[in-house]
Amino acid sequence: MSEPLKSRREREKQARYDAILDAAELVFSEKGYDKTSMDDIARTASLSRALLYVYFKDKAAIQRGIMLRAGQSLVSRFEEARKTQSKGLAQIRAMGEAYYRFYQDEPDYFSALTKASTAMADADEIQAHEMLCSKNGLMELMVGAIEQGLADGTMSRERIRDPLETALYLRGALHGVILLCQAEMAEGTSDFSADTLIRHTMDMLTSSISA
């Protein structure tokens, strides 16, 4: 097969893959994951059901494809956030703010990532590898900022035993508070605005590692 022909077929294949995920995102948003069928997705993507199964073996595989998109979106946000600051501590703060904006701007992607760790257990080898690479990309950006903060003196060597451990703590703590805000807003029981609580959380987290 000639290279131009191969390249064209690869582009067409990628375009169909993207169209399926676009359609699935739309239908999941409108009907919910549980009420969406593979027929719904095929119809929305203007594909036959048989062709849909060529790309994804089931609805769960499509959902994992959306999770991968979500992870890639968040990695891009973290990369851009880190570029806005020169000091490590400020970079971590910027990535925390980017994470909160991600939750605000792309709530469906945020929810997808919340379920990604469980979904990886059922993923095929290719999807599992891609999802793991996305997760590792996020952690590498955070670890890089922490290592830079230790080098430039904005972070405390006494408080940070291990950059990866600290990155996991920071992300987990902020994620937990965002979920708490989400739940309390749904119930109408919060005494604070989400913005206020998130800003306070980021203040507390950054002060806990600052020099």
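The values are calculated or read from the model by the stated rules, or taken from the named source; none is laboratory data. None of the values given here were measured: they were computed from a predicted structure. Virtual Cβ from ideal backbone geometry, glycine too; neighbours counted across all protein chains shown. Just so you know, the surface numbers come from the protein's heavy atoms only, side chains and all, with ligands and any DNA or RNA stripped out. Shrake-Rupley method; radii C 1.70, N 1.55, O 1.52, S 1.80 Å.
Go through the stretch 83-116 and give me each residue that's of a type in the set (S, T, N, Q), open to solvent by 30 Å² or more (accessible area, probe 1.4 Å), in contact with a helix residue (DSSP H, G or I) (Cβ under 8 Å, 6 or more places away or on another chain) and in a helix (DSSP H, G or I).
THR114
Out of LEU68, LEU26, report the one residue that is within 23 Å of the chain's Cα centre (by Cα), at pLDDT 95 or above and in a helix (DSSP H, G or I).
Numbers: LEU68 fails: at pLDDT 95 or above.
Only one candidate qualifies: LEU26.
Of (1) surrounded by 14 or more Cβ atoms within 10 Å (Cβ to Cβ); (2) among the small types (Gly, Ala, Ser); (3) under 22 Å from ILE66 (Cβ atoms), GLY149 satisfies all except one. Which?
(3) is the only condition that GLY149 fails.
Within the stretch 21-44, is there a residue that is in contact (Cβ under 8 Å) with a residue 24 or more places away in the chain and open to solvent by 90 Å² or more (accessible area, probe 1.4 Å)?
No.
Based on what the data block shows, is LEU47 of a type in the set (A, V, I, L, M, F, W, C), without any contact (Cβ under 8 Å) to a residue 40 or more places away in the chain, open to solvent by less than 90 Å² (accessible area, probe 1.4 Å) and assigned to a loop (DSSP other than H, G, I, E, B)? If you could, list the steps in order and put the result at the bottom.
Working: of a type in the set (A, V, I, L, M, F, W, C): yes; without any contact (Cβ under 8 Å) to a residue 40 or more places away in the chain: yes; open to solvent by less than 90 Å² (accessible area, probe 1.4 Å): yes; assigned to a loop (DSSP other than H, G, I, E, B): yes.
So LEU47 fits the description; yes.
Going residue by residue through the stretch 135-144, is there one that turns out to be crowded, with 21+ Cβ neighbours inside 10 Å and either hydroxyl-bearing (Ser, Thr, Tyr) or within 13 Å of ILE209 (Cβ to Cβ) (or both)?
yes
Evaluate the stretch 118-125: report whether one residue or more is open to solvent by 80 Å² or more (accessible area, probe 1.4 Å) and among the β-branched types (Val, Ile, Thr).
Applying the first criterion (open to solvent by 80 Å² or more (accessible area, probe 1.4 Å)) to the stretch 118-125 yields 118, 121-122, 125.
Remaining after also requiring among the β-branched types (Val, Ile, Thr): 118.
Within the stretch 118-125, one or more residues are open to solvent by 80 Å² or more (accessible area, probe 1.4 Å) and among the β-branched types (Val, Ile, Thr).
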